[in-house]
1. Among the GluC sites (Glu not before Pro) in the stretch 1-74, which ones are in a DSSP loop with at most 13 other Cβ atoms within 10 Å of the Cβ? Mind listing them?
2. Stretch I1-R82 to full length: gain in nm at 0.36 nm per residue minus the Cα-Cα span?
3. Mind listing the phi-derived Karplus ³J(HN,Hα) values for the stretch 37-44, rounded to whole Hz, using 6.51, -1.76 and 1.60 with θ = phi - 60°, and x for any glycine or proline?
4. Sorted by accessible area (1.4 Å probe), largest first, how do R64, R43 line up?
5. Please work out the Cα convex hull volume for the chain and give it in Å³ per residue.
6. Per residue, how much accessible area does the chain have with a 1.4 Å probe, in Å²?
7. At 222 nm, what helix-only mean residue ellipticity would the chain give, in deg cm²/dmol to the nearest 500, using -39500 (n - 2.57) for each DSSP H run of four or more?
8. Within the stretch 60-82, whose backbone N sits under 12 Å from a point 7 Å along Cα→Cβ of A26?
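The values are calculated or read from the model by the stated rules, or taken from the named source; none is laboratory data. Remember, it's a predicted structure, so these values are computed and weren't measured experimentally. As a convention, Cβ positions derive from the backbone with ideal geometry for all residues, glycine included, and neighbour counts pool all protein chains shown. Quick note on the areas: whole protein, heavy atoms, side chains included, nothing else; ligands and nucleic acids left out. Shrake-Rupley method; radii C 1.70, N 1.55, O 1.52, S 1.80 Å.
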Amino acid sequence: IHPKTVVFGIEIEGTYKAYLEDDVIAAGLIVDSIGTTSLEISRDEVGLVSIINSDTGDEIVKERDFWFAWYAFHPNTEVYGR
């Protein structure tokens, strides 16, 4: 991953995962899970990305970073699709 690739990073139950902005744009909607938590990652028509817990409807706090910054603090992160 190029260091300046934009990612959306989250943490659930001590597991870190990153979603590349280009993947979110290309897919429109990503359905994924971390452990037992089901997720929906989407981007609306004005470009806002939301990560929702599919089971509860709650929005999950995300961090929009360059890959190098996210990885520096979370080196054990999983990357969606890789």
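1. On the way: sites: E11, E13, E21, E40, E45, E59, E63; in loops: E13, E45.
Filter output for the stretch 1-74: E13, E45.
2. Working: separation 81, 0.36 × 81 = 29.16 nm, distance 0.98 nm.
Length gained, I1 through R82: 28.2 nm.
3. Coupling constants for the stretch 37-44: 9, 8, 10, 10, 10, 9, 10, 7 Hz.
4. The most accessible residue leads, giving R64, R43.
5. Per-residue hull volume (Cα only) is 91 Å³.
6. Ligands and nucleic acids excluded, the result is 61 Å² per residue.
7. Details: 2 runs with 14 residues, N = 82.
For the chain, the value works out to -4500 deg cm²/dmol.
8. 81-82
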